[in-house]
Amino acid sequence: MDYVLLTPSYGWKDQEGQLVIPTARQSIKEFFFRLNIFRSKKNWLAFFSWVRVLLLISCLFIFFFHYFNFYLLGIAAIYGVVVMGTHGTIWYHRYCTHDAYTFRNNFWRFVTRNLTINIVPEEIYVISHHVHHAKSDQPGDPYNANAGFLYCFLADVNHQPISDDLTETEYARVVRMMEHTGVRPNSYRQYQQWASIARPVWSLCGWILNWAFWGVAFYLLGGMALVFALFGAAGFWAIGVRTFNYEGHGKGKDKHVDGVDFNRDDLSVNQLWPGYVAGEWHNNHHLFPSSARSGFLRYQLDLAWCYIRFLNIIGAVSSYHDSKKAFLSKYRHPYPKAYTVPNEEYPLPHLKAGP
């Protein structure tokens, strides 16, 4: 975890071991340097990712200037916030990264992967998120909120790609972190050429087929107006998701609330908005990363868990990890059962996460 990610030009920490906080100019310069495919084709994955974002943002502008109406805006809001957000939690977060549940077969994995418009390359998310948990809010955390908004917002390009100089043994270990996702990995020789796990042709074909399918489906349902509304909504999510870890870690400040945020090993907090629209109760997740459910308290709706549990009921998911009982046993049962949200009647002490 110390060197699996490509180190930015300004480094993770200084000689005293303190976090390096780059200036805005340094961050932007690093961003464009790593997007430049003319300088090195090893930048292809980050470039490929942002091309998709820009295309989707273009769809959003077309929707607003040519097809806008409030009915479609409502549909787009639900798709871009709830559907895209929940799918991100289901697929990238709980399955690809933490392997919190197991599909019965590859068909259901394929269906779940393509439930929405494809935007984020799996390896960009997965490997860096393992590092995030290993070094949360410490130097080396690829989206360290202590370094500011821009540090987190541009992290997918500046901090999240894998290193381009791994040994063959190290590369094999990284590939094993991704093998359950269905991503077809490069050979070590191909990795040395492209600096990625994902194969460029495989990734491009998957992107084109995914967008073609959803483009046709949306057109049949509502014409070009619906196509641009929902593709534009996906662009809105693509920008918004890049702000989450900054907000989800208190903007670099301790914003823990007694009785709500039980993990005090890092700055992660439970927030109502991402919790309700995407099942992302982030402080709970940092307590039990491999749990397929992170909404542990009665008021914590978890739509991602609802999907996973439904697939389990119909036989599409064969097994899952659910840490709710462990959470309640360790953090809730010692306190009055009537306690559901912080209040003066039942104040809670600061609690530190256990091993």
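Side notes on the structure shown:
- Note on LEU301 and LYS29: the extension gain reaches 93.9 nm, defined as 0.36 nm multiplied by sequence separation minus the Cα-Cα distance.
- Alpha carbon centroid spacing (whole Å) that separates the stretch 125-178 from the stretch 285-311: 24
- Distances between placed amide hydrogens fall under 5 Å for ILE162 paired with LEU6, all partners being 5 or more residues away or on another chain.
- Lysine pair count for the chain with Cα-Cα distance under 17 Å and sequence separation of 8 or more or different chains is 9.
- Candidates ALA212, ALA278, ALA100: whichever shows maximal mean-square fluctuation once the chain is modelled as a Gaussian network with Cα springs under 10 Å: ALA212
- Cut-off under 5 Å, modelled amide H: who pairs with SER318 long-range: THR102, PHE103, ARG104
- With 0.36 nm allotted per residue and the present C-alpha distance subtracted, the ALA217-ASP164 stretch has 15.2 nm of extension available.
- Inter-label distance, nm, simple model (7 Å from Cα along the C-beta direction), SER58/GLN193: 2.9
- Estimated vicinal HN-Hα couplings, Hz - the stretch 11-24 in sequence order (Karplus 6.51, -1.76, 1.60; Gly, Pro = x): x, 8, 8, 8, 5, 8, x, 8, 4, 7, 9, x, 6, 4
- Peptide packing: for 217-226, 48-57, 262-271, 10-19, the average count of neighbouring Cβ atoms within 10 Å per residue gives the ranking 262-271, 48-57, 217-226, 10-19, highest mean first.
- Normalised by 2.2 N^0.38 Å, where N counts its residues, the alpha-carbon radius of gyration of the stretch 1-129 equals 1.34.
- Derived scalar couplings ³J(HN,Hα) [the stretch 278-293; Karplus, 6.51 cos²θ - 1.76 cosθ + 1.60; whole Hz; x for Gly, Pro]: 9, x, 9, 8, 6, 5, 4, 4, 6, 6, 10, x, 8, 7, 6, 10
- Whole-Hz couplings from phi, Karplus 6.51/-1.76/1.60, listed for the stretch 66-82; x for Gly and Pro: 10, 10, 4, 8, 5, 5, 5, 4, x, 5, 4, 5, 5, 5, x, 9, 7
- Fluctuation leader among GLY315, GLY140, GLY80 - the chain, Gaussian network, Cα springs under 10 angstrom: GLY315
Laboratory data are not the source of any read-out in this text; all were calculated from the coordinates shown. Treat the numbers as computed from the prediction; the structure is a model and nothing was measured. A quick note on method: Cβ atoms are made from the backbone with ideal geometry, for glycine too, and the neighbour counts reach across all protein chains shown.
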